[in-house]
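First up is the structure itself, then whatever we jot down about it.
The values are calculated or read from the model by the stated rules, or taken from the named source; none is laboratory data. Please read all numbers here as calculations on a predicted model, not as lab measurements. When we count neighbours, we look across all protein chains shown, and the Cβ atoms used for this are built from the backbone with ideal geometry, even at glycine. Keep in mind that these areas ignore ligands, DNA and RNA; they rest on the heavy atoms of the full protein, side chains included. Shrake-Rupley method; radii C 1.70, N 1.55, O 1.52, S 1.80 Å.
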Amino acid sequence: MEIKEFLHLATTWLLTGGLRILVIVIVLFVALRLVKILSRRLFGAFLKGAVDDEMRKRADTLGSLVRYLLSVSIVLTACVMVLGELGIEIGPILAAAGVVGLALGFGSQHLVQDIISGFFIILDDEIRVGDYVSTAGKAGIVERVNLRMTVLRDFSGNVHYIRNNQIDIVTNMTKEYSQYVFDIGVAYREDVDEVTGVIKQVDEDLRNDKEYGSMILEPIEILGLDQFADSALIIKARTKTKPLKQWKVAREFNRRLKKAFDEKGIEIPFPHVTLYAGQDKKGQAAPIHIVTDPAREN
């Protein structure tokens, strides 16, 4: 083939098939951009009408899923159109793809399981973007959920990528509301009723606070004297807050409770040991030899 003939053919192809491929690529990028913009506006309008954080989380999750599915569909369609412009028969490729897909299906069972698991996780509304969950041995805030994996970020900022196939049990700590359980220890000499009254008063003051009042949904629930521990009486209580606010409320409650106990003279015990020397048959105890260190006293 002569150079002139080759240049003529190349120019002809660039002005026909090449130009169409360029248009397909441009339309592809425009379509992907439009998907992002339209999904943001569509779910943004839905978020404006959302009455609570739960609806916002669900909208974020569904929005990310819709963008993912539409983007994949657009890219696959563009690839098929480009192959057609290159003169490659699409029919045999699709037939071969079916056979290859069947073969890959046996070798990529985990991927198929990931997609199926992800579909039901989203369908059952188990996990939403913004929830704090514990699953597959990891815990953190859900940053992204799609058909293949779930992405968590823990308190230290570490990002965990968990395949949906590995998600067996999900503990969602922020589903509709959150709760925090207190195990409050006081000395054995303290009056339980007095301690309970102090706890209620601290909770009431906290609920009347401008910053923390809006985070608390109900008054504290005091379950009562839960156990006789080695060095303390354990009073169990529980507070109900908005999602993700339980830890902030609990820290402030503990701070105020410590100050209230100090003002009332209520002892918060620490572990201690009582020494018992024992008695002989005559009821007499063996002497205990105590040696002091003068250096430490000075």
Query - Enumeration of residues in the stretch 31-73 that are among the hydroxyl-bearing types (Ser, Thr, Tyr), surrounded by 13 or more Cβ atoms within 10 Å (Cβ to Cβ) and modelled with pLDDT of 75 or more - result: Ser39, Tyr68, Ser71
Requested in this report: Search the stretch 254-272 for residues being among the aliphatic types (A, V, I, L, M), in contact with a strand residue (DSSP E or B) (Cβ under 9 Å, 6 or more places away or on another chain) and under 14 Å from Gln201 (Cβ atoms), and hand back the single one that is surrounded by the most Cβ atoms within 10 Å (Cβ to Cβ).
Outcome: Leu257
Query raised in the report: When you look at Ile121, is it among the hydrophobic types (A, V, I, L, M, F, W, C), part of a loop (DSSP other than H, G, I, E, B) and open to solvent by less than 50 Å² (accessible area, probe 1.4 Å), yes or no?
Result: no
Query raised in the report: Can you find a residue in the stretch 179-192 that is within 14 Å of the chain's Cα centre (by Cα) and touching a residue at least 12 places away in the same chain (Cβ under 8 Å)?
Result: no
Report summary line: Pairing a residue in the stretch 164-176 that is more than 14 Å from Tyr132 (Cα to Cα) with any residue that is in a loop (DSSP other than H, G, I, E, B) and of a type in the set (A, V, I, L, M, F, W, C), where Cβ atoms lie under 8 Å and the two sit 6 or more apart in sequence or on different chains, gives Asn164/Leu147; Gln166/Ala136; Ile167/Ala136; Asp168/Ala136
Query raised in the report: Can you find a residue in the stretch 145-156 that is of a type in the set (A, V, I, L, M), open to solvent by less than 30 Å² (accessible area, probe 1.4 Å), at pLDDT 95 or above and in contact with a His (Cβ under 6 Å, 6 or more places away or on another chain)?
Result: yes
Report summary line: Cβ pairs under 6 Å, 6+ apart or interchain, first in the stretch 75-88 and small (Gly, Ala, Ser), second open to solvent by less than 70 Å² (accessible area, probe 1.4 Å), ordered by first then second residue, are Ala78/Ile24; Ala78/Leu28; Gly84/Ile90
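Residue-wise test of (1) open to solvent by 80 Å² or more (accessible area, probe 1.4 Å); (2) at pLDDT 95 or above; (3) among the basic types (Lys, Arg).
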residue: Asn208; (1), (2), (3): yes, yes, no
residue: Ile216; (1), (2), (3): no, yes, no
residue: Ile234; (1), (2), (3): no, yes, no
residue: Glu252; (1), (2), (3): no, yes, no
residue: Asn298; (1), (2), (3): yes, no, no
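Are any residues in the stretch 139-176 under 21 Å from Gln246 (Cα atoms) and part of a loop (DSSP other than H, G, I, E, B), and if so, which ones?
Looking only at the stretch 139-176, we keep the residues that are under 21 Å from Gln246 (Cα atoms), and these are 139-143, 152-157, 170-176.
If the condition is that a residue be under 21 Å from Gln246 (Cα atoms) and part of a loop (DSSP other than H, G, I, E, B), then Asp154, Phe155, Ser156, Gly157, Met173, Thr174, Lys175, Glu176 are the ones that fit.
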Query raised in the report: If you go through the stretch 124-138, how many residues are out of contact with any Gly (no Cβ under 8 Å at 6 or more places or on another chain) and in a strand (DSSP E or B)?
Result: 3
Query raised in the report: In the stretch 185-206, which residues are assigned to a helix (DSSP H, G or I) and either in contact with a His (Cβ under 8 Å, 6 or more places away or on another chain) or surrounded by 15 or more Cβ atoms within 10 Å (Cβ to Cβ) (or both)?
Result: Val195, Thr196, Val198, Ile199, Val202, Asp203, Leu206
Query raised in the report: Going through the stretch 230-253 one residue at a time, which ones are under 27 Å from Glu190 (Cα atoms) and in a loop (DSSP other than H, G, I, E, B)?
Result: Asp230, Ser231, Ala232
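Scan the stretch 222-232 for residues that are within 14 Å of Asp203 (Cβ to Cβ) and either of a type in the set (Val, Ile, Thr) or open to solvent by less than 40 Å² (accessible area, probe 1.4 Å) (or both) and jot them down.
Just the residues of the stretch 222-232 that are within 14 Å of Asp203 (Cβ to Cβ), to begin with: 222-223.
Across the stretch 222-232, the qualifying residue is only Ile222.
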Query raised in the report: So which residues in the stretch 244-253 are over 16 Å from Val202 (Cα atoms) and touching a helix residue (DSSP H, G or I) at 6+ places or on another chain (Cβ under 6 Å), if there are any at all?
Result: Lys245
